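K.L.:
Take a look at this one; I'll ask things after.
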Amino acid sequence: MARDDRADAGPEEALPMLRWLRLLVTSLAVVMGLGVLVIAALLWLRLSEAPLPDLPESVALPEGAKPAAVTFARDWLVVVTETGEVLLYDRQGKLRERLQP
């Protein structure tokens, strides 16, 4: 029958393994804490930005329309109003199409 030498190891021989284990657990806790701080900082930076970009000065919204979403593309600009109306503008700010919900 094979004998496990570690089972008979005294407290002096077990101490280096326990120190190593304690170092590993502490290192893991520090790395996890830093990771949580980095994620919180990234979320704070991303969520603190302005929700909508400013409309160009050349774009004139219809009377009483308030923008809820703005999409900038290469050749056009789409504005969705709070009522759900979709306004399609060209790059010069001229209203090209108006879609009702």
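K.L.:
What FRET efficiency would be calculated for the residue pair Ala68, Ala40, taking the C-beta separation as r and a Förster radius of 25 Å, to the nearest 0.05?
P.N.:
Efficiency for this residue pair is about 0.30.
K.L.:
Report Rg/Rh for the range 12-101, rounded to two decimals, where Rg is the Cα radius of gyration and Rh the Kirkwood radius.
P.N.:
1.51
K.L.:
For the ranges 73-86, 22-35, what's the packing order if you count other beta-carbon atoms within 10 Å of each residue, average per peptide, and put the highest first?
P.N.:
By packing density, highest mean first, the sequence is 73-86, 22-35.
Laboratory data are not the source of any read-out in this text; all were calculated from the coordinates shown. Since the structure is predicted, the reported quantities are computational estimates derived from the model, not experimental observations. Virtual Cβ from ideal backbone geometry, glycine too; neighbours counted across all protein chains shown.
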